[in-house]
1. Would you check if PRO384 is more than 24 Å from VAL51 (Cα to Cα) and under 23 Å from the mean Cα position of the chain (by Cα)?
2. Consider the stretch 323-367. How many of its residues are within 30 Å of PRO107 (Cβ to Cβ), charged (D, E, K, R) and surrounded by fewer than 16 Cβ atoms within 10 Å (Cβ to Cβ)?
3. Six or more apart or on different chains, Cβ atoms under 6 Å: show the pairs whose first residue is in the stretch 94-117 and touching a residue at least 24 places away in the same chain (Cβ under 8 Å) and of a type in the set (Val, Ile, Thr) and whose second is buried (at least 23 other Cβ atoms within 10 Å of the Cβ) and in a loop (DSSP other than H, G, I, E, B).
4. Among residues belonging to the stretch 280-309 that are touching a Gly at 6+ places or on another chain (Cβ under 8 Å) and not hydrophobic (A, V, I, L, M, F, W, C), point out the one that is surrounded by the fewest Cβ atoms within 10 Å (Cβ to Cβ).
5. Considering only the stretch 406-417, state which residues are aliphatic (A, V, I, L, M) and surrounded by fewer than 24 Cβ atoms within 10 Å (Cβ to Cβ).
6. With respect to the numbered conditions (1) farther than 30 Å from PHE47 by Cα; (2) without any contact (Cβ under 8 Å) to a residue 40 or more places away in the chain, which one is the sole condition not fulfilled by GLU218?
7. Can we say ALA129 is within 30 Å of ARG251 (Cα to Cα), at pLDDT below 85 and not in a loop (DSSP other than H, G, I, E, B)?
8. Check whether at least one residue in the stretch 270-279 is over 15 Å from the mean Cα position of the chain (by Cα), of a type in the set (A, V, I, L, M) and buried (at least 18 other Cβ atoms within 10 Å of the Cβ), and report yes or no.
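The values are calculated or read from the model by the stated rules, or taken from the named source; none is laboratory data. Predicted model, so just to flag it, every value in this text is computed and none were measured. Using ideal geometry, Cβ is built from the backbone for each residue, glycine included, and neighbour counts are taken over all protein chains shown.
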Amino acid sequence: MYLQRMYAGHRKNGRGSTSGVKGSNNQGGASMTGKSQLRDWTGFDPFDESVRDDPYPHYELLREQAPCVRLERYGVWLITRYADSAAVLQDWETFSSATGAGLEPAPTPEEGGVILSTDPPEHTRIRRAVARDFTPKAIRALEPRLRELVGQALDAALAEDQFDWVTLVAQPVPTTLMAELMGYPAQYREQYCRWASVVFNSMGCPADGSSDFGPVAEVAGQLYGFVSELAANREYVPGGWADRIVQAGERGELTESEVPSLLGGILVAAMDTTVNMLGNLAHSLAEHPNQWALLVKDPSLAASAVEESLRYESPVQPGFFRVTTTATEVAGVKLPQGARVMVGFGSANRDPRQFPEPDQFLIDRTPNDHLAMGRGTHFCLGAPVARLMGRVVFEELALRATELAVVGEPVRKNNRMLRGFDALPLRIAA
């Protein structure tokens with residue numbers, strides 16, 4: 001996403017933190033003054049680090065007082081209720097993805113990531129080129145190798161008195177599996193996560209340069225150069241996802257510029273979102289002992305626990321963007337043609353109009369029709385893989401351990417578009 005634009009030197013950043021964890025300095029942002037007091041939300045900044053500390057009280061007030069509000073600093077509209085968000089995601093003809101999913105419009109689909117930055121029929125054509133790898137049969141075939149990786153990671157964790165869940169489990173399991181599936185060199189696993197984190201962070205940064213967050217151009221250049229060189233020199237394992245994407249380009253199903261964009265986009269999307277989901281769910285279970293006990297008693301609830309984690313702590317927050325193709329209306333607010341709209345996943349998934357007791361973490365919640373993976377045409381391509389990873393990790397954890405506890409100070413990820421952990425010290429015991 002935004003690889004070539006960033007490679008040209010577009011540098012920016014935002015710093016994130018969370019209440020009660022390292023990295024929080026609580027500077028700036030909105031102050032909460034009570035549910036009954038109306039306020040002007042046009043100055044609200046969902047990317048401010050004090051908001052990202054704990055966004056949910058802000059979301060609650062926004063849903064009641066300003067469910068569709070123009071954020072003056074960025075010139076975009078934020079949508080916070082579930083029904084409105086779902087309607088936007090399902091209406092690609094009115095709410096287009098053609099300019100990318102980030103705060104700033106992507107100059108070209110390739111720079112925004114061709115999966116995120118196209119509408120039908122182009123989007124349909126691009127997804128079709130990789131669809132065979134995401135069928136139910138293909139996903140089931142991944143489970144034996146995934147269980148092997150998870151078992152190795154959990155055995156190592158059980159051997160420690162305490163350990164960092166991110167370092168030992170949440171990061172190596174998905175990065176190893178994805179490198180194998182793509183046919184990419186395994187020795188660059190740490191690079192893959194770094195690239196993904198920087199790219200996602202850039203999606204929440206303004207073009208005015210007010211958010212300087214590190215070597216975006218350098219990292220983008222590394223990623224774009226890496227996938228382009230792999231494709232050009234065929235330095236990938238034959239028969240993997242990368243091989244099939246390159247072959248699709250050779251058959252004319254993808255353009256020459258779409259191939260590296262898709263190679264990088266799938267890698268980025270699969271890494272950080274899954275890593276964060278695994279960290280968020282481990283943390284939520286440790287913080288809710290009754291729910292952990294429920295999972296230990298019935299490990300088959302792991303799949304449901306994954307869905308609840310995606311709802312309760314959506315990995316992509318505040319949300320992705322769309323642009324209106326015509327004048328329209330959301331929550332009684334008139335939007336002009338060309339309006340850039342943020343679909344607030346984190347808020348929509350806590351909307352009491354859709355979810356009873358939305359601030360309760362309940363791993364057996366049914367139904368649980370959350371929006372963390374999107375909806376409609378742009379529903380997350382890799383969702384079946386992420387769900388499989390989550391289910392297997394927490395099935396195996398519940399089968400191997402009875403104790404799960406946070407034993408140190410978690411460190412929230414410093415990212416303007418992702419909610420997760422950089423460090424999560426845990427203790428597990430059989």
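1. Criteria met by PRO384.
2. 2
3. As it stands, the answer is THR99/ALA106, since those pairs meet every condition given.
4. ASN280
5. If the condition is that a residue be aliphatic (A, V, I, L, M) and surrounded by fewer than 24 Cβ atoms within 10 Å (Cβ to Cβ), then VAL406, VAL407, VAL411 are the ones that fit.
6. GLU218 satisfies every listed condition except (1).
7. When the stated conditions are applied, ALA129 does not pass them.
8. no
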